[in-house]
Amino acid sequence: MVPGNFHVSTHSATAQPQNPDMTHIIHKLSFGDKLQVQNIHGAFNALEGADKLSSNPLASHDYVLKIVPTVYEEMNGKQRYSYQYTVANKEYVAFSHTGRIIPAIWFRYDLSPITVKYTERRQPLYRFITTAVNIGIHTVTTPPLCFYFA
């Protein structure tokens, strides 16, 4: 993946609309496979629920995404690939060289040079045994609390 952009606008239409309205809600924007793993809380859909319905209808919106490759390795060695991303956005009113307002919704993205890798692992048996023994020793050696009231 290389840096790039995609956008929604009216500037390529044969006839410009008289009153363009670029208000919007983003329900989903994601990249790669969907990872449904309970213990991973990443930004796989950071723009989910972005609500710009109360924005100026003539405003352009610029979303700048930093995309982070993500690998999830299961215990059986199977790997799944997805992408997390962070986002920054701005809203502005833009004019063309004719003075006409041409609003657009821009998504500009760049790929992070760092990859995040999650690996599933079982807790080793020795850790369970040492924890259990430690709890047992602590229970046996801790004196009971006594309160005396006069």
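The values are calculated or read from the model by the stated rules, or taken from the named source; none is laboratory data. Because the structure is a prediction, the values reported are computed rather than measured. Here the Cβ positions follow ideal geometry from the backbone for every residue, glycine too, while neighbour counts run over all protein chains shown.
Details
- Pair list, Cβ under 6 Å, 6 or more apart: region 65-92 residue closer than 30 Å to residue 24 by Cβ, other residue basic (Lys, Arg): 86/66
- Of all residues in region 112-128 being outside any loop (DSSP other than H, G, I, E, B) and within 27 Å of residue 35 (Cβ to Cβ), the one that is modelled with the lowest pLDDT: 127
- Screening region 72-122 for residues that are small (Gly, Ala, Ser) and farther than 16 Å from residue 7 by Cα and picking the one that is surrounded by the fewest Cβ atoms within 10 Å (Cβ to Cβ) gives 99.
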